[in-house]
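Below: one structure, written as structure tokens.
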Amino acid sequence: MKRLPDELVDQVRQATDIVELISERVELKKQGNRYSGLCPFHSEKSPSFSVSPDKGMYYCFGCGAGGNAITFVMETEGMSFPEAVTKLADRTDIKLPEFERSDQTESTPDQEKKYRMREAHRIVADLYHEVMLQTAAGDVGREYLEKRGIQEPAMREFKLGYAPDQDRFTVDSLARRNFDLDEMVEAGLISVGRDGDYRDRFNGRVVFPISDRDGTIVGFSGRSIDGRDPKYVNTAETPLFNKSELLFGFAQARGAMRKSKQVVLVEGNLDVVRVAQAGIPYTVASLGTALTPIHAQNLGRIVDEVIVCYDGDKAGRAATLKALRLLEDIAVDCSVIRLPDEEDPDSFIGTQSEESFLRLIEQERISSLEFKSFYFRQGKNLRLEGERVRYIETMLEEIGRTANPLLRDIYLGKLAEEFHLSKESLLSQVKPLQTQHIKPKQERRQETQVVTSSPQDRTFSNWKRAERFLLAYMIRSEEVGFEVRDQLGVAFNDPAHQLIAGKLYEFYGANTPADPDRFLTMLHDASLQRIVADLEFMLMPEYDPDLLSHYIRAVQNERQRRMLDEEKSQLSQQTDIRAQAELMQAIIERKRRLKDR
């Protein structure tokens, strides 16, 4: 296989719209010639993450994360450099030749392992899908889904499959492709029996592939179709799979969510497929667990409203309340579909019709506060003063959690009217809660202030600030780069700055014009890439040759001071009189040079 040419890497990088790429994970707002949003690499409430389409780079002024389109994919998906380039090439319809995966970068063992695991998941998902749709062995799985009302287009959309009811179908398929079976156990694709033999994990089950937010399959959920226990066998936590972060159907729903600014949140995989098939493609489900803060944040970056449609039983209603509270913490609008007792979206569509379910979504969803009013009334006798007071106190607390001021006002009025109370007295009880509540999403979108203090800009010494400004000018201009090379070489005091300077000299020495984005790509070191991104987003004074000389002198002086300190240390340890005299002379000469500067 051939090495991937730098020219093709440049083509992929330049063809990628970095704003569009990052917008798939971060809600960005245009501010001048840049875009800002909440950083995907750390938790924050005020936007400090900045994207520059002109530079083709991003930088977070809060945590220091920075890079370009390629590094963004590497950081967010744990991919190696070649994998990230390949993924972006697929997005931009650029054809890449086969190439050595390790020739572009030093892939870590962890990245190599994740690559193999992702490749194995892709192969296994294709196998299960083809078995179900193309072979007699898969008829039982396809017939089961058809009886449940799932049609073939939906099977293909979600790449549903069937794992043959054999102990070693998957094991042998992976072994033939030279996958390490112990690693495949770690990936959750197969298991080890009590006798120590490798065995299939999902055999005899309809299989739902689980993808990350970008559509890469990272796990499976296998459903029993013949009554065997357990009903579901799911991928456990693996290097690729974290159920607290993943939502079933997210990759399929993402485009529709962005367009509609809505998402329907259901509990089960079949619910997702059935509701999407009914004409609501913006549907997702958590993976056998309650909604988590990470789930809520991922949804809140894309949509304005979450429509919760959990099961109609007691457990489903309790889960709805928990989900609403999490979603209200990120200040998205919430509404609820109340299904009849013991119904879920899949069964409701089966017993009623798709049209009936669509009518529920479009016309009969209720506000989060209306659902809470219903929920907290259950089992209470509101004719009793004690229970009535507890209900009112609970509702006041929930009203205080609500980001929508109009909805708060409506429900305060309803409480006041129903229980013959003063609205003003109720409002006084809500205020302490309101002041603690975060701003509604609409208000947050209107904020324009972006944090501009970089973590690297905190109380730098003069020499380090000088080195940063030198490198920033050098990255922007090969002419300045050569000038600094002639006067200073790599004699920077910070080791990272030394490495960046040396790489820049190599970059320009190959007759490459100044291109910060391309230079960053060729560094292949995340810590150095962050520094370069930080330097690119610095506010720079206009270039001045005298200023450049001033910075160079500051760097040289610091080097002289360090050498002076080293000589003084040597002098204190030296016992030979002649050597002491030589060191003293060197110290005097170095002090003189420092004074002359």
Original post:
For the range 71-194, what size does the Cα cloud have along each of its three principal axes, sorted from largest down, in whole Å?
Top reply: 48, 41, 25
Subject >> Centroid-to-centroid separation of the range 141-172 and the range 211-245 [C-alpha atoms, Å] >> reply: 14
**OP:** May I ask you to give the solvent-accessible area per residue for the range 270-311, in square angstrom, as obtained with a 1.4 angstrom probe?
**Re:** 23
Original post:
Please identify the trypsin sites (Lys or Arg not before Pro) of the range 253-331 that satisfy two criteria: DSSP loop assignment and at most 14 other Cβ atoms within 10 Å. Which are they?
Top reply: Lys261
**OP:** State the percent of C-alpha pairs, over all pairs in the range 142-191, separated by a distance greater than 13 angstrom.
**Re:** 65
**OP:** Grab the other residues whose beta carbon is less than 9 angstrom from that of Asp212, score K and R as +1, D and E as -1, and report the net.
**Re:** -2
Original post:
How long is the range 174-323 along each principal axis, judged by its Cα atoms, biggest number first, in Å?
Top reply: 50, 32, 28
**OP:** Return the calculated 222 nm mean residue ellipticity for the chain, to the nearest 500 deg cm²/dmol, obtained by summing -39500 (n - 2.57) across DSSP H runs with n ≥ 4 and dividing by the residue count.
**Re:** -17000 deg cm²/dmol
Subject >> P(r) tail fraction, the chain - alpha-carbon pairs more than 34 Å apart, % >> reply: 56
Subject >> Solvent-accessible area, 1.4 Å probe, carbon plus sulfur percent, for the range 189-241 >> reply: 43
Original post:
What is the Cα centroid distance between the range 459-521 and the range 255-304, reported in whole angstrom?
Top reply: 47
Original post:
Which is farthest toward the positive dipole end of the range 171-250 among Ser211, Gly222, Ser173, measuring Cα position about the Cα centre, with Cβ charges +1 (Lys, Arg) and -1 (Asp, Glu)?
Top reply: Gly222
Subject >> Inter-label distance for Thr108 and Lys259, nm, one decimal - labels placed 7 Å from Cα along Cα-to-Cβ >> reply: 3.8
Original post:
Scaled to the compact-protein estimate 2.2 N^0.38 Å, what is the alpha-carbon radius of gyration of the range 1-74, rounded to two decimal places?
Top reply: 1.18
Original post:
In what sequence, largest accessible area first, do Asp6, Asp565, Asp534 appear using a 1.4 Å probe?
Top reply: Asp565, Asp6, Asp534
**OP:** Kindly flag which residue pairs out of Lys231/Lys372; Lys87/Lys503; Lys45/Lys114; Lys45/Lys113; Lys87/Lys159; Lys113/Lys243 have an alpha-carbon separation exceeding 29 Å in this structure.
**Re:** Lys231/Lys372; Lys45/Lys114; Lys45/Lys113
Original post:
What's the longest piece of the chain with no exposed chymotrypsin sites (Phe, Trp or Tyr not before Pro), counting a site as exposed if DSSP puts it in a loop and it has at most 15 other beta carbons within 10 Å?
Top reply: 1-459
**OP:** Give me D for the range 237-364 in µm² s⁻¹, whole number, from Stokes-Einstein with Rh from the Kirkwood sum over alpha-carbon pairs, 10 °C and 1.306 mPa s.
**Re:** 110
Subject >> Dipole magnitude of the chain about its Cα centre (Cβ charges: Lys, Arg +1; Asp, Glu -1), debye to nearest 20 >> reply: 1500
Original post:
Per residue, what accessible area does the range 59-201 have, given a 1.4 Å probe and all protein chains present, in Å²?
Top reply: 46
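The values are calculated or read from the model by the stated rules, or taken from the named source; none is laboratory data. Everything numeric here is computed off the predicted structure, so don't read it as measured data. In this analysis, Cβ positions are derived from the backbone assuming ideal geometry, glycine residues included, and neighbour counts consider all displayed protein chains. What goes into the accessible areas is simple: the full protein's heavy atoms, side chains included, and nothing from ligands, DNA or RNA. Shrake-Rupley method; radii C 1.70, N 1.55, O 1.52, S 1.80 Å.
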